[in-house]
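Before any comments, here is the structure.
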Amino acid sequence: MLNVEKARLDKVYSNTSIIPIIQALGCGIGDDFDITKLRYGKIIIMADADVDGSHIRILLLTFFFRHMRPLIENGHIYLAQPPLFKVHKGKNVRYAFSDEEKNMYVKELGEVGVNAERYKGLGEMDPEQLWDTTMNPETRTLLQVSINDAIACDEAFSVLMGDMVEPRRDFIRENAKYVENLDI
Amino acid sequence: MEHNYKSSDIEFPLQHIEGRDMEKELKKSFMEYSMSVITSRALPDVRDGMKPGQRRILYAMYEDHLTYDKPFRKSATTVGNVLGRYHPHGDAAVYQTMVRMAQAFSLRYPLVEGHGNFGNVDGDPPAAYRYTEARMSKISELMMSDIEKKVVPMTENFDNTREEPVVLPSRFPNILVNGAVGIAVGMATNIPPHNLREVIEGTVYRIDNPECTAEDLTEYIKGPDFPTAAVIYGKAGIRDAYRTGKGRIYVRAKGSVDDEHKKIIFTEIPYMVNKSMLIESIANLVKDKKIEGITGLRDESGRGGMRIVIEYRRDANGEVIMNQLYKYTQLQETFSVNMLVIVNGEPKTLSLPEVLDEYISFQKSVIRKRYEYDLAKAEREMHILLGYRIATENIDEVISIIKTSSSIPDAKERLISRFALTDVQAQAIVDMTLGKLSGLERQKVNERIEKLEELIAEIKAILADENRIKEILKSELSECADKFGDKRRTEIVEATEEIDLEDLIEKHTAVITLSKGGYIKRQRADVYTAQNRGGKGIIGMTTKEDDYVEDVKVVNSHSLLLFFTSFGKVYSKKAYRIPEAGRTAKGTSIVNILEIGEGERVTSVIAINEFRDGEYLTMVTKRGIIKRTLLSEFEYQRKGGKIAINLDEDDELIFVRHTKGDESLIIATRDGFAVRFDEMCVRCMGRTAHGVKAITLTNDDYVVGVSVVDDSKKLFTITECGMGKRSLFSEFRLMKNRGGKGVRCHNISGKTGKLASILTVADDDDIMIITNDGTIIRTNIENINVYSRTATGVIVMRPSEGSYIINAARLEKAEEIEEESHKVESETVNIKNEDDEDEKVTPAENFETEGEDTVLTDNEDSDI
């Protein structure tokens, strides 16, 4: 996935990862963007639950923010919530979406002989598992992306995804202590 | 196909939708990603110099006993094991990492021994992992020493099925020895490799002198030592890097110029430079004519080593080409050191002493842990042996207890209560074989206990004494240096500047032209071709209206030019620093080159090749003041200029001559008067002195020229209207004293105009004569006859209407001037002539005739 914040427009429009997105959504891009032609109600970003997944997610969000912002403004962009842990003992399986939930299931299953695995990627799951945990509209959890402060968003994208290294380093330095999920 | 869904069909009221603010999501995801890349992907740990990927490769190989004394195994095995056990990422990335660890041109001391095609300096890829084979290298064992003794912390792998080391024991300072490169997010690391022996010596010194400075350490750690050798150019970058953790180090290819065969040969190139791309870039420079004179380029590298051959034209200067190659290609690379490492989970840029301190304290803990492990083991054995001893001493009772017990646990329990044993001891006793009861075995147990007592006491003493741990660390490091140390490969040379511009410029004779209005330019001397007397001249400089060329100096391109100004100040500049310009170009305003004040004009330019003792600068002002000062007083220059002479208010410094102190001078005035006296008459004065009277001036007369008397030469005088002559110096009587009124040196009349300039000339000299409209003529002095001191002379140059001669300059010797054969464009110039230039005419034929008017204008394609 291309970082559109750093790329020239012609590179964006000719990128082989981006073209299929534009084609699938059917609503055009840039000046030709027409939200009435949008073919889907929900565009759901489903990325791996690891830090590389986080990276791809922000690359995609950068693209939607910079080139198809009305999609976000009209609430069409969602984030899927795949489980972070698989807690299992024998045939009993639970999917946990947070550390607390994981600990809860570990207790529930009786601690001894319980395994709790951190999911690294969606590819670890069977199609059936993926349906049950993440995709089934009856049970899934989605996060609807919204823009509360467009100016702050714009600035954040510039700092985090843009050309200048200094501000990015400063941001990392200031926020290093708040990080929760690290892939060690 | 049309769908006829009703919206209620596809609504799922039960699905849970939460709002998520974009900014928050972005920042959170970004921080997770960037911190992960920073702390556990792209940057090395200061303790072992390993990134997680590298560490996992070595550990997986170690687990598989893939050491240097075992047979090679397919790289695919290692890659697979690393992925399966520790590193849930791409196989290609793992293989690439492993390949780099095996490349002798990437790692100074490769940690992996490869078998097969592992790539090369030309950037050719290695063979696929199903073909190549690998194992740990010999030195790599030191990375792992004692790991089974739990000397380093371990952590669970990604699926909690195994343990992996957080850091390797690294019994040599791998972080410095093999260096590191890595790009994270918002930061990157670049640590050069070093010589093992030097780094160990430095580490040992640091252990003994924890307060030493980075400077002290360079005594031992001289600088980076690259696997590809080459030459480090300059030490400043090394000092910066060691002191602050950041520095720019210039690395040059090792090359030599074979002037006999007109070849430059490079045998070593800078670290991490791709040879084939380097050669391509040289070829492109030749193609784009950025570097001229290269006729051939060959890569003769082979099994014998690297060899890049560059052939150059016979008339080209090999040294100059080599310097240009350094300047424009990766034959000189900047290695930007940034010793960014992970310290306690955080990225930090460390200085050399800090890196060593982190390493030393880690090694101390490794040694301590090793002894703690040994101690625990010895104590465990001791404990059991003590149990044995009790049992053998009371063997009959022990046997009867066991015989009368119903089961082993029962026996143990009774033994424990009877002899105050521990469970471990009791277990060992019930497990004892009968053979242990023999006298010899009993003896052995006692001996072993004694030994263990000694060992335990020794280990405890070591653990209690920090100094002993230091000593052990030092001796183990030295052992490593003895075993694996080798000679430094990279040579370090001193450098004054990065690449001095001087080396890039071919030495040539240059003509510096300075206009009255303060425009200056440099041209190659061969631009001017010799014309004959009476020629109208070629345009030497286009000047603005009201401006004219005032001074022409023929100098060496590498001479230091001293610019003396009307205010009596002096500034300096290397000749090649004067911008080169075309023949008719106006040049650059002097204010852009020198920091001169308002209203200040450069009136004299002196070219100095060397500041020798016993040489002087003799200055003459418009009002006839003379001063002599040692040349060496002008050696050290300031950007803002220095005072050269202290002037009266209405006076100007107009002439400065470079003399040897034993010369006789002739000073001539505009009205055609001249005095001659010995330089010795003017005592040598300090740089800021005022000077003394040289000539008595009448009315508004002023000084126009100063000449040095040389009896083998003659005095050339020329008037404003172009009347010139040579006269003998002997006609000028040497005055005993300076300050006289002088004698006539040229017959001045309305026809001749006032005296314009005087020169000392040899018979075979060429001179240039300049008019106020910028026309310059170059002519052989032979064409101008010798006349008496008071004669009028002959027409040397015909200034075009309204213009007049303002100055003359002598060219260094008559050189063979190549005739320029290109056709002339003349439309832009006032003097039109389509004829070929440089008609060779003998002086006799040409005497006082209309000269062969020759005009040469500057056209775009003239190859100046």
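The values are calculated or read from the model by the stated rules, or taken from the named source; none is laboratory data. Predicted model only: the values in this text are computed from it and were never measured. Note that we place each Cβ from the backbone using ideal geometry, even for glycine, and neighbour counts take in every protein chain shown. Side chains included, ligands, DNA and RNA excluded: accessible areas come from the protein's heavy atoms. Shrake-Rupley method; radii C 1.70, N 1.55, O 1.52, S 1.80 Å.
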Q | For A:Ala152: the one exception among (1) closer than 30 Å to A:Leu2 by Cβ; (2) open to solvent by 20 Å² or more (accessible area, probe 1.4 Å); (3) more than 9 Å from every other protein chain (Cβ to nearest Cβ) | A | (3)
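This table checks each residue for (1) in a loop (DSSP other than H, G, I, E, B); (2) over 17 Å from A:Phe157 (Cα atoms); (3) open to solvent by 30 Å² or more (accessible area, probe 1.4 Å); (4) among the basic types (Lys, Arg).
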{"site": "A:Met1", "(1), (2), (3), (4)": "yes, no, yes, no"}
{"site": "A:Leu59", "(1), (2), (3), (4)": "no, no, no, no"}
{"site": "A:Phe64", "(1), (2), (3), (4)": "no, no, no, no"}
{"site": "A:Leu79", "(1), (2), (3), (4)": "no, yes, no, no"}
Q. Out of (1) among the hydroxyl-bearing types (Ser, Thr, Tyr); (2) within 26 Å of B:His89 (Cα to Cα); (3) surrounded by 16 or more Cβ atoms within 10 Å (Cβ to Cβ); (4) without any contact (Cβ under 8 Å) to a residue 40 or more places away in the chain, the odd one out for A:Tyr105 is which?
A. (2)
Q | All positions within region B:244-281 that are among the charged types (D, E, K, R), part of a strand (DSSP E or B) and open to solvent by less than 60 Å² (accessible area, probe 1.4 Å) | A | B:Arg252, B:Asp258, B:Lys263, B:Glu268
(Q) Anything in region A:12-37 that is open to solvent by 90 Å² or more (accessible area, probe 1.4 Å) and modelled with pLDDT of 90 or more? List them, or say none. (A) A:Thr16, A:Gln23, A:Thr36, A:Lys37
Q. If we scan region A:132-140, do we find a residue that is facing chain B (nearest Cβ under 8 Å), in contact (Cβ under 8 Å) with a residue 60 or more places away in the chain, touching a strand residue (DSSP E or B) at 6+ places or on another chain (Cβ under 9 Å) and not aromatic (Phe, Trp, Tyr)?
A. yes
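With the requirement that a residue be open to solvent by 40 Å² or more (accessible area, probe 1.4 Å) and either more than 24 Å from the chain's Cα centre (by Cα) or within 22 Å of B:Glu491 (Cβ to Cβ) (or both), what does region B:290-300 give you?
Those that are open to solvent by 40 Å² or more (accessible area, probe 1.4 Å) and either more than 24 Å from the chain's Cα centre (by Cα) or within 22 Å of B:Glu491 (Cβ to Cβ) (or both): B:Thr295, B:Leu297, B:Arg298, B:Asp299, B:Glu300.
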Q. Using beta carbons and a limit of 6 Å, which pairs, at least six apart or on different chains, have the first residue in region B:738-752 and outside any loop (DSSP other than H, G, I, E, B) and the second one of a type in the set (Ser, Thr, Tyr)?
A. B:Arg744/B:Thr790
Q: Report the residue count in region B:145-168 for those that are within 18 Å of B:Ser40 (Cα to Cα) and open to solvent by less than 40 Å² (accessible area, probe 1.4 Å).
A: 6
Q: Can you confirm whether region B:761-778 contains a residue that is buried (at least 22 other Cβ atoms within 10 Å of the Cβ), part of a loop (DSSP other than H, G, I, E, B), in contact (Cβ under 8 Å) with a residue 12 or more places away in the chain and polar (S, T, N, Q)?
A: yes
Q: Would you confirm whether any residue within region B:100-122 is open to solvent by less than 60 Å² (accessible area, probe 1.4 Å), part of a loop (DSSP other than H, G, I, E, B) and β-branched (Val, Ile, Thr)?
A: yes
(Q) From the list B:Asn284, B:Asn344, exactly one residue is surrounded by fewer than 16 Cβ atoms within 10 Å (Cβ to Cβ) and within 14 Å of chain A (Cβ to nearest Cβ). Which is it? (A) B:Asn344
Q. Regarding B:Glu610, is this residue out of contact with any strand residue (DSSP E or B) (no Cβ under 7 Å at 6 or more places or on another chain), part of a loop (DSSP other than H, G, I, E, B) and surrounded by fewer than 22 Cβ atoms within 10 Å (Cβ to Cβ)?
A. yes
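Return the residues of region B:154-177 that are of a type outside the set (Ser, Thr, Tyr) and farther than 26 Å from B:Leu196 by Cβ; say none if nothing qualifies.
Within region B:154-177, B:Met154, B:Glu156, B:Asn157, B:Phe158, B:Asp159, B:Asn160, B:Arg162, B:Glu163, B:Glu164 qualify.
Given the options B:Leu83, B:Leu26, B:Leu43, name the one that is open to solvent by 40 Å² or more (accessible area, probe 1.4 Å), within 14 Å of another protein chain (Cβ to nearest Cβ) and either under 30 Å from A:Leu60 (Cβ atoms) or not β-branched (Val, Ile, Thr) (or both). Talk me through it step by step, then tell me what you get.
Working: B:Leu26 fails: open to solvent by 40 Å² or more (accessible area, probe 1.4 Å); B:Leu43 fails: open to solvent by 40 Å² or more (accessible area, probe 1.4 Å).
Going through B:Leu83, B:Leu26, B:Leu43 in turn, the sole match is B:Leu83.
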Q.
Of the conditions (1) of a type in the set (A, V, I, L, M); (2) within 30 Å of B:Gly247 (Cα to Cα); (3) away from every other protein chain (no Cβ under 14 Å), B:Met136 satisfies every one except a single condition; which number is it?
A. (2)
Q: Output the number of residues of region A:126-149 satisfying the condition of being over 30 Å from B:Glu23 (Cβ atoms) and either open to solvent by less than 40 Å² (accessible area, probe 1.4 Å) or assigned to a loop (DSSP other than H, G, I, E, B) (or both).
A: 3
